[in-house]
Amino acid sequence: QVQLVESGGGLVQPGGSLRLSCTASGITFTMYTMGWYRQAPGKQRESVATITSGGMTIYFADSMKGRFTISRDNAKNTVYLQINSLKPEDTAVYYCNTVPASTPWGQGTQVTVSS
């Protein structure tokens with residue numbers, strides 16, 4: 001069955017960095033544009049960034065450009081999100097999924113930015 005497993009989150013101080021990973025199984029990974037999404041406390045889930053199978057990327061907010069980098073390794077069925085210069089407003093549960101989201105959501109990985 002289809003499974004998405006996110007990892008790499010944690011508690012970091014403002015200005016820190018994290019690299020999130022998401023490994024997919026049960027899908028033909030190279031057929032899908034993949035995306036990272038996040039859900040902050042009390043807010044709706046939002047799109048963060050997407051990447052096509054060929055590596056074209058889109059970032060959904062000006063605040064993310066230059067700090068967020070999405071990448072993928074098709075051989076490993078894995079999509080990554082590098083986040084630098086973390087801010088408290090980046091605190092959220094981060095998820096990956098296809099674009100548009102068409103598979104069951106994984107458990108996500110919690111990112112907490114706090115001093």
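Just how far, in whole angstrom, is segment 8-38 from segment 80-100 if you go by their alpha carbon centroids? Distance between centres, Cα-based: 7 Å. Computed over segment 1-111, the Cα gyration tensor eigenvalues convert (square root of 5λ each) into semi-axes of 22, 15, 13 Å, ordered from largest to smallest. In the context of the full set of protein chains, the chain has a per residue accessible area of 51 Å² (1.4 Å probe). Give me the percent of the accessible area of the chain that comes from carbon and sulfur atoms, probe 1.4 Å, all protein chains in place. Here carbon and sulfur together make up 50 percent of the probe-accessible area.
The values are calculated or read from the model by the stated rules, or taken from the named source; none is laboratory data. All values reported here derive from a predicted model rather than from experimental measurement. Please note that ligands, DNA and RNA were not included when accessible areas were found on the heavy atoms of the full protein model with its side chains. Shrake-Rupley method; radii C 1.70, N 1.55, O 1.52, S 1.80 Å.
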